[in-house]
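Novice: Take this structure, written in structure tokens, and hold onto it; I'll ask about it next.
Throughout, read-outs are computed from the coordinates displayed, never taken from laboratory work. Quick caveat, the model's predicted, so the values are computed rather than measured. Positions of Cβ are backbone-derived with ideal geometry, glycine not excepted, and every protein chain shown enters the neighbour counts.
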Amino acid sequence: MTDIRDAVATPAAKPGTPTLEVRDLHKTYAGIEVLKGVEFAIDKGQVKAVLGPSGSGKSTMLRLMALLEPADRGAILLNGKRIGAEDRGGRMHHYPERRLAVERRDIGMVFQRFNLFPHLNALENVALGLTSVQDVAREEAKERAYKMLSRVGLGDRDHHYPSELSGGQQQRVAIARALVLNPQVMLFDEPTSALDPELVGEVLDVMEQLADEGMTMIVVTHEVRFARRAADQVTLFDSGIIVEQAEPEEFFENPQHERTKQFLRHVH
Ligand code: ADP
Ligand code: MG
């Protein structure tokens, strides 16, 4: 069987081309426009924190970027190449599922709810994507999964089931599960929002370590401390558009837009 991966393989990025970019991204649910032409790009090795009020479209943007849902309009580009759909004379033509499945491999996603399989232990949860999606042999998959669990500080919890792990540990397993597939970019959707306060730090530590190691990351979060410490740029999302984007110090100390000032009064 020919590998569809070869047919749609992502070209090496030209210098200056963002790793992941969206242009004029639109999405409407039941007549309500949730994304109103979002423009957003991230370069290799960059970390971008995305802040914004609840309901402003942050999760929708990430789901569209991860090709979990089709956009109504606009483009998603990985290393400058359109993924998910193409524009044919002003009409979106969404790629078939088989092709999407391959394109999705380059984009890792971590959700607020970790959604681990309860009947599989930590190691099996992490290895599953390798054996089922990437056809990696069982033994190799387990080895790679174990390495990734160790990287998130859970090498000694490999045989624990999700019910035997804390929320913070489960979220770290979920991070390992995404990382083991070797994505080009990691998307995090409020990864610490479902955790008890005392468990937030261990997850943020793992994410900061990833950032230090050069991972390309988009992180939707309410954690201002994380945004200040780990992000290269902070973005404010509101009502389906990007309002402001700046380096953390500038964003927090000298916001340009009234909307940003107003938002920051609530989170500080
Ligand atoms: P955020 O992550 O910023 O809180 P979301 O992207 O989850 O915002 O949601 C933006 C808006 O879109 C909300 O009003 C939400 O109710 C609506 N929405 C999101 N997903 C769906 C869906 N699958 N069906 C209908 N409405 C949706
Ligand atoms: Mg959300």
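Novice: About its Cα centre, how strong a charge dipole does the chain have in debye, to the nearest 20, once Lys and Arg get +1 and Asp and Glu get -1 at the Cβ? Walk me through the numbers on the way to the answer.
Specialist: Working: 33 positive and 40 negative charges, 145 e Å.
Around 700 debye, computed over the chain.
Novice: What is the total of Lys pairs in the chain with C-alpha atoms under 13 Å apart, excluding same-chain pairs fewer than 8 positions apart? Please list the in-between numbers first.
Specialist: On the way: LYS14/LYS44; LYS14/LYS81; LYS27/LYS36; LYS27/LYS58; LYS36/LYS58; LYS48/LYS58.
Close lysine pairs under the 13 Å cut-off: 6.
Novice: Could you work out Rg/(2.2 N^0.38 Å) for region 196-268, with Rg from alpha carbons only?
Specialist: Numbers: Rg = 12.9 Å, N = 73, 2.2 N^0.38 = 11.2 Å.
So the Cα radius of gyration is 1.15 times the expected 2.2 N^0.38 Å.
Novice: Here's another thing I want to ask about it. Scattering from the C-alpha atoms of region 34-132 alone, worked out with Debye: what is log10 I(q)/I(0) at q = 0.19, 0.24 1/Å?
Specialist: -1.12, -1.41
Novice: Let me ask something else. Could you pull out every residue, at least 5 positions away or on a different chain, whose amide H is within less than 5 Å of the one on ARG113? Hs are placed 1.01 Å off N in the peptide plane, and Pro or chain starts have none.
Specialist: When sequence neighbours closer than 5 places are left aside, there are no close amide H contacts.
Novice: Only Cα pairs within less than 10 Å get springs; with that Gaussian network setup on the chain, which residue of ALA176, ALA101, ALA230 has the largest fluctuation?
Specialist: Result: ALA101 has the largest fluctuation of those listed.
Novice: May I ask you to evaluate 6.51 cos²θ - 1.76 cosθ + 1.60, the Karplus curve with θ = phi - 60°, for each residue of region 117-131 and list the ³J(HN,Hα) values in order in whole Hz, giving x for glycine and proline?
Specialist: With coefficients 6.51, -1.76 and 1.60, one gets 6, x, 8, 10, 6, 4, 4, 5, 4, 6, 6, 4, x, 5, 6 Hz.
Novice: Kindly state, to the nearest 0.05, the FRET efficiency for LEU264 paired with ILE32, given R0 = 22 Å and r defined as their beta-carbon distance. Don't jump to the answer; show the numbers that get you there.
Specialist: On the way: r = 26 Å, r/R0 = 1.20.
The pair LEU264/ILE32 has a calculated efficiency of 0.25.
Novice: Would you mind getting me the FRET efficiency between ILE241 and GLU139? Use the beta-carbon distance for r and R0 = 41 Å, nearest 0.05.
Specialist: Values: r = 49 Å, r/R0 = 1.18.
Efficiency computed from Cβ-Cβ geometry: 0.25.
Novice: Can you run the Rg to Rh ratio on the chain? Use alpha carbon positions and the Kirkwood inverse-distance Rh. Display every interim value, and only then the final one.
Specialist: Working: Rg = 18.6 Å, Rh = 19.3 Å.
When Rh is taken as the Kirkwood radius, the ratio is 0.97.
Novice: Another question about this same structure. Quick check on the chain: of the DSSP beta bridges with both residues there, what percent are antiparallel, nearest 5%? Could you put the intermediate results ahead of the total?
Specialist: Values: 25 of 41 bridges.
Around 60 percent of the beta bridges assigned by DSSP in the chain are antiparallel ones.
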